[in-house]
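The values are calculated or read from the model by the stated rules, or taken from the named source; none is laboratory data. Worth saying up front: this structure is predicted, and the values here are computed from it rather than measured. With ideal geometry, Cβ positions are generated from the backbone for all residues, glycine too; neighbour counts draw on all protein chains shown. Just so you know, the surface numbers come from the protein's heavy atoms only, side chains and all, with ligands and any DNA or RNA stripped out. Shrake-Rupley method; radii C 1.70, N 1.55, O 1.52, S 1.80 Å.
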Amino acid sequence: MLRRLLTQGRLAFEDQLVRVALLIGGLPYVCLFVLVYQHSMSVHAKITLLTTVLVVILYSIFLIRHKVVNRLRTSTNLMEAMVNGDYSMRANSCDESGVLSEFNLLVNSLAETINEQRLVSKEQQILLHKVIVQIDVAILAVDEDNHISLMNPAAEKLFSQKFTELEGAPIHQLGLQKVVEADIRRVVEFELATIKKKVYLHTDEFFEKGIQRKLIFITD
């Protein structure tokens, strides 16, 4: 019966608690009502007693619901902040104990772990960017449609074109359409403007947001 009372109508969790509290407080109140009704005390005393007990029960239920909702909203705000990339918020669990305190400690630990991983990832991206910029190897990246999505300064110098001018352009504009069709790791003769030169071409693959992309390395 209690389980049916909890699940009926798909009530919110806090409303389910209110139902349980009403059930727990209602049954003794009915018994008290019957006893008071049969007692020989005055009508005024009966009404005062029953009203006082009813107010106490309803106020206690209100406090329970209010406390539960506040705790759940605090946890929801913490999780929402992490989803939005804000890992600075922390749940205060110093003045509490029990399951809720353990949950808050777990959320705080999760936020700290994700924040540390985010900082490490950001530092690695900065390091990788510096290496790509400074290395004397032409590096290009193309998306799934073989459109240019990255060129380092060495590649700009090799092709005498800026990345801002070629971003999103098909790779065949640079004469590399055959390079992206298969894995290549060999020395080839490459026609560049009005001259021909031999270069070492190396292609590889990487994933960005689950989508496979291709990298092209050109070494003189």
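Quick look at the numbers
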item: Residue in segment 104-126 that is in a helix (DSSP H, G or I), without any contact (Cβ under 8 Å) to a residue 24 or more places away in the chain, surrounded by 16 or more Cβ atoms within 10 Å (Cβ to Cβ) and under 32 Å from the mean Cα position of the chain (by Cα) present; result: yes
item: Yes/no for N77 being open to solvent by 60 Å² or more (accessible area, probe 1.4 Å) and assigned to a loop (DSSP other than H, G, I, E, B); result: no
item: Residues located in segment 30-39, provided they are aromatic (F, W, Y) and exposed (fewer than 15 other Cβ atoms within 10 Å of the Cβ); result: Y37
item: Hits in segment 127-136 (condition: exposed (fewer than 11 other Cβ atoms within 10 Å of the Cβ) and touching a helix residue (DSSP H, G or I) at 6+ places or on another chain (Cβ under 7 Å)); result: D136
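Per-residue answers, yes or no, for (1) more than 30 Å from V30 (Cβ to Cβ); (2) open to solvent by 90 Å² or more (accessible area, probe 1.4 Å); (3) charged (D, E, K, R):
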{"residue": "L54", "(1), (2), (3)": "no, no, no"}
{"residue": "V68", "(1), (2), (3)": "no, no, no"}
{"residue": "R73", "(1), (2), (3)": "yes, yes, yes"}
{"residue": "N84", "(1), (2), (3)": "yes, yes, no"}
{"residue": "N92", "(1), (2), (3)": "yes, yes, no"}
